[in-house]
Amino acid sequence: MIRESSWSDHSDSEGATFMEDIMRGRGTKQDYIDLVAQHFFMYEALEAAAERVAEDPAFAGFHVPALTRMPALEADLVALVGADWRDRIVATPATAAYAARIREVADDAWVPGIVAHHYTRYLGDLSGGQMIAKLVAKQHDLADGGVEFYDFSALGSIAGFKNEYRAALDRLGAELDDAERTRMLDEVRAAYAFNTAVFADLGRQKAAA
Ligand code: HEM
């Protein structure tokens, strides 16, 4: 249900010019670095939100330590930007709004809302993200570091994990009434819209550079 009702939002995100350029091999190494920097601000908020509800039984199926991306992101930023990366990266307005929304949902300890953001990012990283990693690693010669973010080998089989994740979504969905399901679906669509807006910011930033 989530997938069906948000697939057009997925297409908008996937089809954003900035993302499409990366997928077609037209992106520069700087484009990729700018994207990694935005991921830092997103996952800082997302993983703090997940920690916040880690003990909540409704979140149990989603709280998988091997998903945690912050250490990999920091290692990628050291490799791509340098040891002083933290002083050299800035959230775009859309990224700041995205992180603020995640923090708002976390402050309410609204588990289906946190799962909506969790699903949109991690299932994406485990799907299209895997293709992005292969492409940019080859194109920009990142064998020495920069794509650890996409390395989920600690999860075991990605396909197997995605099935378990979808089963956890089904269990959560079974506990929700119609109004709450609609609210959760709206949050998934909002999460996609934030991602699309981040690509638009990065595209504008690139055009202005
Ligand atoms: C060029 C960019 C992208 C490509 C090529 C791409 C490709 C794909 C593909 C092929 C799948 C299906 C995988 C499967 O059935 O297991 C998928 C699923 C997914 N993608 Fe993307 N994607 C892209 C961008 C994004 C973005 C920007 C997001 C959100 C941040 C995203 C979030 C998701 C999610 C949540 C799913 C899982 C849908 C589900 O099965 O419930 N993707 N993507």
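Read the figures in this text as sums done on the coordinates, not as results from a lab. The structure displayed is predicted, hence computed values, not measured ones. FYI the Cβ positions are ideal-geometry reconstructions off the backbone, even for glycines, and counts take in every protein chain you see.
Of the residues making up the stretch 194-208, those that are of a type outside the set (D, E, K, R) and surrounded by fewer than 18 Cβ atoms within 10 Å (Cβ to Cβ) are ALA200, GLY203, GLN205, ALA207, ALA208. Filtering the stretch 30-59 to residues that are buried (at least 17 other Cβ atoms within 10 Å of the Cβ), within 19 Å of VAL115 (Cα to Cα) and in contact with a Lys or Arg (Cβ under 8 Å, 6 or more places away or on another chain) leaves HIS39, MET42, TYR43, ALA45, LEU46, GLU47, ALA49. Residues that are within 15 Å of the ligand (Cβ to nearest atom), at negative phi and either out of contact with any Asp or Glu (no Cβ under 8 Å at 6 or more places or on another chain) or not in a loop (DSSP other than H, G, I, E, B) (or both): does the stretch 140-152 have at least one? The answer is yes; a qualifying residue exists.
Checking each residue in the stretch 73-89 for being under 10 Å from PHE40 (Cα atoms) and either aliphatic (A, V, I, L, M) or in contact with a Pro (Cβ under 6 Å, 6 or more places away or on another chain) (or both) picks out LEU73, LEU77, ILE89. Scanning the stretch 109-120 turns up no residue that is within 15 Å of the ligand (Cβ to nearest atom) and more than 22 Å from ALA48 (Cα to Cα). Just one of the listed residues (PRO57, PRO93) is farther than 19 Å from ARG189 by Cα, more than 16 Å from the ligand (Cβ to nearest atom) and out of contact with any strand residue (DSSP E or B) (no Cβ under 9 Å at 6 or more places or on another chain), and it is PRO57.
Cβ-Cβ contacts under 8 Å between residues 6 or more apart (or on different chains), taken from a first residue in the stretch 57-68 that is of a type in the set (A, V, I, L, M) to a second residue that is crowded, with 16+ Cβ neighbours inside 10 Å and not in a helix (DSSP H, G or I), are listed as ALA66/PHE152; LEU67/PHE152. Using the structure shown, decide if ALA137 is out of contact with any Phe, Trp or Tyr (no Cβ under 8 Å at 6 or more places or on another chain) and either farther than 18 Å from TYR32 by Cβ or away from the ligand (no atom under 13 Å from the Cβ) (or both). So ALA137 passes the test. Taking the criterion of being away from the ligand (no atom under 12 Å from the Cβ), within 26 Å of PRO71 (Cα to Cα) and out of contact with any His (no Cβ under 6 Å at 6 or more places or on another chain), the residues of the stretch 7-37 that qualify are THR28, GLN30, ASP31, TYR32, ILE33, ASP34, VAL36, ALA37.
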